[in-house]
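Please treat every number below as a calculation from the coordinates, not as lab data. These figures come from a predicted structure and were not determined experimentally. A quick note on method: Cβ atoms are made from the backbone with ideal geometry, for glycine too, and the neighbour counts reach across all protein chains shown.
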Amino acid sequence: MKWFLLIFGGLVVLVAIATIVGAILPREHTATRAAKFRQPPNLLFGVVRDFAALPAWRSSLKSVELLAPVDGVASYREFSSHGPVVYRVREERPGERLVLEIADEGLPYGGTWTFEFARDGEGGRVRITERGFVKPVLFRFLARFVFGYTATMEQYLRDLGKKFGEKISPEP
């Protein structure tokens, strides 16, 4: 029983420390990752913009549901192991830029992903910038020190590379 109490007390202290550190961390964050592809920017844009086909190449997605446009703006719902998330297009310049926003205010996090597409030699470059926020302080700690702000973007870029048979190494 003594060991149980010591272990339980240690866990309580760790959670308390993580909560305090999370409360000190800023609610908002910005993170960027980029990668070079052998494909041209227009093709890369088209694949990223084809929301219905995302589950065919994104390893984290189970399915996507296209939603009716709201005020003329495209939106869709992704289903992954983390649950459903609704996204809406905030800005779209074919072949150049796509800005997606999390459109579900009930989630403990939110923000935007800005995709920028540019020519890079014979191929293209995709840069993703996340401007996000995390509401719960404990989740802020986990997002910063356990999961990392860039892990999802890095996986996205690696998955995009795999779609074209390329091995991608995301960079800042």
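Compute the distance in nm between two label points, each set 7 Å from the Cα along the Cα-to-Cβ direction, one at Phe4 and one at Ser80. Inter-label distance under the simple model: 3.8 nm. Translational diffusion coefficient of the chain (Stokes-Einstein, Kirkwood radius from Cα pairs, 10 °C, 1.306 mPa s): 90 µm²/s.
Over the range 2-163, Cα pairs under 8 Å with separation of 6+ residues give a relative contact order of 28 percent. Using the structure shown, list the pairs from Lys2/Lys135; Lys135/Lys167; Lys135/Lys162; Lys62/Lys167 with a Cα-Cα distance above 29 Å, or answer none. Where the Cα-Cα span goes over 29 Å, the pairs concerned are Lys2/Lys135; Lys135/Lys167; Lys135/Lys162.
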